[in-house]
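The values are calculated or read from the model by the stated rules, or taken from the named source; none is laboratory data. Here the structure is a predicted model, which is why all the values come from computation and not from measurement. Counting neighbours? That spans all protein chains shown, and the Cβs are built from the backbone with ideal geometry, glycine included.
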Amino acid sequence: MEQLVQQIEDHRREIAAAEAATPEAVEEFRIRYLGTKGLVKNIMAEMKQVPNERKKEFGQVLNDFKLFVENKYETLKENLSGQQAADTVSIDWSLPGNPVPVGTRHPLNIVRNQIVSIFRRLGFAVAEGPEIEDDWHNFGAMNLPEDHPARDMQDTFYIHQNPSWLLRTHTSSVQARVMESQKPPIRVICPGRVYRNETISARAHCFFHQVEGLYIDENVSFADLKQTLYFFVQEMFGKNVKVRFRPSYFPFTEPSAEMDISCLICGGSGCNICKHTGWVEILGSGMVHPNVLENFGIDSNRYTGFAFGMGVERITQLKYQVNDLRLYSQNDVRFLKQFTGVVG
Ligand code: PHE
């Protein structure tokens, strides 16, 4: 019997240390110690081996042990439901969550991405270049020599350290870098920020964004230019928008044309946005000047090309009716959040 009492003592220690973190574990405890084939029942069965005169004493020990196990079982159960109750008190699952503020792409990036994806579908690759340029890539190579009056239209910011460094006035400088490093056929679009020395107003800023394009190959004609830009306008603004070309002048293209689209606000009947003409200008374009091709060792008798350039702010203004350029750089969330969810 001494041996049995010793065994019970050992079990008691083991049970005292038992823990149960889940309802399954509590049930396991019950089956193992209090079940019909559990430990308590097994030890009770040992009663018959105990000599009669000591049965009473052993019965006492057994009863004690049984109570101890039952108490432990109750404690485990209570701890568990206490835990669950604590959970329900600290978290009210029915409350709405704290909203996570969702950012949005900047409208200019949305529209730039839209423009880029239209031209990519036509096989144009994206090319990028530095915003701090040298005189040659921005002006010289583009057929704008130092004393050329057309430079006045693109006055910019110069850098003290080196008078031939400047902030690029158009992404034509990237086209120059592409022609410098690649052989025709060339088919690139150049998105990026450009700078002009202008007084800031609702209609002008000292920087803006462009997407320019360049296509050079054998037999590229003005018809290709027109068809490419028609396609762009229809994809960007819809099938009902009309297009017209007006003769213009750029030193790097010949012939040159500015392209207008029928006013999206009034549909062509005349309003403030189109200055009552029914048309709004959206880009400059033309056939690449032979001098430009020759500047990069491209044989202008064999190759021809077209180029175009548009302002992203302008396209965004027309597409989303933004009437003040300054809104794009003021970072006012009341303006920016209106573009949440716009794909681009
Ligand atoms: N580079 C011109 C500008 O910034 C736009 C342009 C590009 C015009 C290509 C014609 C051809 O004004």
If you check Val288 against the conditions, is it touching a Lys or Arg at 6+ places or on another chain (Cβ under 8 Å) and of a type outside the set (Asp, Glu)?
-> no
Surrounded by 14 or more Cβ atoms within 10 Å (Cβ to Cβ), in contact (Cβ under 8 Å) with a residue 12 or more places away in the chain and closer than 20 Å to Glu254 by Cβ: does that describe Leu167?
-> no
Exclusive hit being touching a residue at least 40 places away in the same chain (Cβ under 8 Å) and exposed (fewer than 13 other Cβ atoms within 10 Å of the Cβ), set Val102, Val126, Val188 = Val102
Within the range 177-185, is even one residue at pLDDT 95 or above, more than 13 Å from the ligand (Cβ to nearest atom) and in a strand (DSSP E or B)?
-> no
Residue count for the range 220-253, restricted to those that are more than 12 Å from Phe308 (Cα to Cα), part of a strand (DSSP E or B) and within 14 Å of the ligand (Cβ to nearest atom) = 5
